[in-house]
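Only the coordinates and a few stated rules stand behind these numbers; no lab work does. Because the structure is predicted, anything quoted here is derived from the model rather than measured. Glycine also receives a Cβ, built like all others from the backbone with ideal geometry; neighbour counts cover every protein chain displayed.
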């Protein structure tokens with residue numbers, strides 16, 4: 001017979017669940033008690049027998065593959081969850097980049113155009129014959145362009161305004177003919193360029209207020225024509241004159 | 001797939017049918033993945049996934065059938081008296097693995113699972129307690145009963161052919 005004191009603790013001892021002190025005490029007891037030692041041996045053997053018999057079933061590779069496959073879509077979704085925002089972010093970045101590049105190119109194109117117009121304006125001011133038709137009368141200046149440029153335009157009535165029409169001449173931009181009109185306000189001269197929209201590589205810039213090399217500039221489009229105004233006067237004067245020209249249609 | 005082979009082995013022992021075991025393991029992984037957020041890092045993952053497998057089994061048709069046939073065992077913490085000295089060690093030594101497997105198969109599920117978790121999976125009492133959702137004291141008493149039941153099962157199976165031979 002095993003000892004009553006230890007009978008209930010043999011399993012816990014063999015399962016490694018006794019406290020260190022209890023395990024040590026039971027270990028010492030097993031060295032001197034034959035009955036308890038025999039019972040322990042029997043239980044250890046049973047443990048080993050169950051351990052060996054219990055490892056009985058092994059899954060076949062096809063089942064493993066099936067389980068892995070059944071898990072894979074979820075992984076794919078996870079992958080998608082992780083990468084989709086990054087991908088979307090990258091696409092958004094590319095789109096924003098493309099827009100920025102496009103705008104930047106457009107801006108660069110506009111700046112280049114304004115720079116060329118500023119050159120034309122300066123060349124006109126420096127010329128001893130700044131205009132080919134010298135007249136303050138819009139009914140003289142406008143007909144002068146007939147047959148010289150492939151479009152026509154209206155000039156405003158400048159009475160009761162600080163502006164005076166000086167005259168005009170034919171000018172070229174991108175190998176396309178256009179009209180350059182010179183107005184005066186106080187001692188300043190204002191160049192107004194009119195071109196066909198199709199003659200400009202980037203089209204009209206639309207209603208815009210800009211500056212090029214410290215010159216003030218305004219631009220707008222109307223009836224397929226692009227208007228550019230450039231001068232060294234203050235922006236308000238350009239605004240007033242552009243309003244008059246727009247009203248004239 | 002963590003614990004795949006062992007989960008499959010345990011599932012086979014519970015269901016005693018390979019096809020059902022495969023379904024059980026598949027459902028266990030599906031549930032584990034779905035409810036992975038409920039797993040608390042730092043706690044015992046093995047006990048967590050075995051618990052899922054066992055709960056899934058218990059709610060299956062086979063599981064319900066297996067547990068409904070078993071009377072509620074004495075889940076108290078009393079120390080069970082040892083059976084009279086019997087030459088179990090010799091019996092178990094002689095008994096081959098197949099005999100023990102047959103004896104295990106015939107044990108009630110509650111005994112079979114606690115034995116497998118302790119001996120085959122080598123889980124601690126604490127892990128078994130978590131997996132089976134029973135107190136530690138119940139783990140110990142159930143283990144003790146399961147071991148005794150297994151011993152008597154093996155003994156009975158070994159004596160059967162001898163008895164038959166005597167009769168013949």
(message) Nearest 10 degrees is fine. How inclined is helix A:235-248 to the longest principal axis of chain A, computing both from alpha carbons?
(response) 70
(request) Apply 1/(1 + (r/R0)^6) to the Cβ-Cβ distance of residue B:37 and residue B:5, taking R0 = 30 Å, and write down the FRET efficiency to the nearest 0.05. (result) 0.70
(message) Classify segment A:92-163 from the C-alpha gyration tensor, please: rounded if a/c falls under 1.5, else prolate or oblate depending on whether a/b exceeds b/c.
(response) prolate
(message) Can you give me the angle between helix A:61-126 and the longest principal axis of chain A, using Cα atoms only, in degrees from 0 to 90, rounded to the nearest 10?
(response) 20
(message) Just checking the output field for B:98-104: average partner chain Cβ neighbours within 10 Å of each residue's Cβ?
(response) 4
(request) Mind telling me which of A:193, A:57, A:145 comes out most flexible in a GNM of chain A, alpha-carbon contacts under 10 Å? (result) A:57
(request) Name the most mobile residue of A:29, A:139, A:102, meaning the one with the largest mean-square fluctuation, in a Gaussian network model of chain A with Cα contacts below 10 Å. (result) A:29
(request) Tally the DSSP beta bridges in chain A and give the antiparallel ones as a percent, rounded to 5. (result) 95
(request) Please average, across the residues of B:107-120, the number of beta carbons from any other chain that are within 10 Å of each residue's own beta carbon, and give a whole number. (result) 3
(message) I want to verify a result. In a Gaussian network model of chain A, Cα cutoff 10 Å, which of these has the top mean-square fluctuation: A:142, A:169, A:47?
(response) A:47
(message) Which of rounded, prolate or oblate describes segment A:114-248 when judged by the alpha-carbon gyration tensor and an a/c cut-off of 1.5?
(response) rounded
(message) If you take each beta carbon of peptide B:22-30 and count the beta carbons of other chains within 10 angstrom, what is the mean?
(response) 3
(message) Please compute, over every Cα-Cα pair in segment B:1-69, the percentage with a separation greater than 17 angstrom.
(response) 37
(request) Relative to the longest principal axis of the C-alpha atoms of chain A, give the angle of the C-alpha long axis of helix A:20-32, reported between 0 and 90° and rounded to the nearest 10°. (result) 30
(message) Over segment A:122-209, what is the relative contact order in percent, taking alpha-carbon pairs closer than 8 angstrom and at least six residues apart?
(response) 22
